[in-house]
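Read through the structure below, which is laid out as structure tokens, and then see the notes.
Readers should treat all values here as calculations from the given coordinates under stated rules, not as data from a laboratory. Just so we're clear, the structure is a prediction, and the values are computed from it rather than from any experiment. Cβ atoms come from the backbone with ideal geometry, glycine included; neighbour counts cover every protein chain shown.
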């Protein structure tokens, strides 16, 4: 195994571990755990920088000429800025969004050689089914977030209009709708991130490419979910605006699952 391959695997592993720790901290409501995600991200940042420098020294060129290399560098730069923001402005929660984004960007950039995540041929079928299962669970979580968002908008309309009906009276309180939708997004986003990552690894092993153009719709839908989570965690969006964003993100996921396979 050459040094570049080892560094690539190590950086990817550190970012993925940091993402897991970050989501565990948010779901368990233990903010101090986010510091562990920061340290893992910083370690991955250093490792990936050494990888860039090594590649530049061996190939005698700037490792940012190809578009795929620039995408990989974009992931690296996003992590650097997130660490600076976490240190300067105490935006620790950015780890939940930036680390999964970096993992996905690095995988789909084709910057990493397929050997980084080489999987035995006998595991291909299992990996494919696991990918489908995780993607389905993530979509189910978003379905719950969608339902909570619709319930919120209906309940809000009832309260503002002061015209209750028997059906609407049975809706949960606004605070409960918010809590359910928020928790569903916190589960759905990492599951979809994992599904995209597994899909990229599967493509790399089957076709020697981490990304196929058809999966662009998955990335777009996933990006909308990331925007919703960012708006909630960082910008503090709640209520109607967050509900509309959630409905839009779920619609994108639904289109990806139902419409795109038919094209």
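Assorted remarks:
- Shape class for region 1-118: prolate, because the ratio a/c of the largest to smallest gyration tensor axis (alpha-carbon atoms, square roots of eigenvalues) is 1.5 or more and a/b beats b/c.
- Nitroxide proxy distance, nm - points 7 Å out along Cα→Cβ at residue 56 and residue 132: 4.5
- One entry in (1) 1.20; (2) 1.10; (3) 0.96 is Cα Rg over 2.2 N^0.38 Å calculated from the shown coordinates; its label is (2).
- The angle between the Cα long axis of helix 95-108 and the main principal axis of the chain comes to about 50°, on a 0 to 90 degree scale.
- Angle in degrees between helix 239-258 and the longest Cα principal axis of the chain, rounded to the nearest 10: 60
- Cα long-axis angle, helix 174-207 against the chain (0 to 90 degrees, to the nearest 10): 30
- Pairwise label distance in nanometres, residue 206 with residue 257, each label 7 Å out on the Cα-Cβ vector: 1.9
- For the options 12, 101, 80, a Gaussian network treatment of the chain with springs between C-alpha atoms closer than 10 Å singles out 80 as fluctuating the most.
- Order by protection proxy (mean Cβ within 10 Å, highest first), peptides 188-200, 226-238: 188-200, 226-238
- Measuring r between the beta carbons of residue 71 and residue 91 and using R0 = 30 Å, the FRET efficiency lands at 0.80.
- Max mean-square fluctuation residue, GNM over the chain, Cα-Cα springs under 10 Å, options 252, 204, 55: 55
- Gaussian network model of the chain, Cα within-10 Å springs - most flexible of 27, 224, 105: 27
- Estimated distance in nm for a label pair at residue 64 and residue 220, the labels positioned 7 Å out from Cα along Cα-to-Cβ: 2.8
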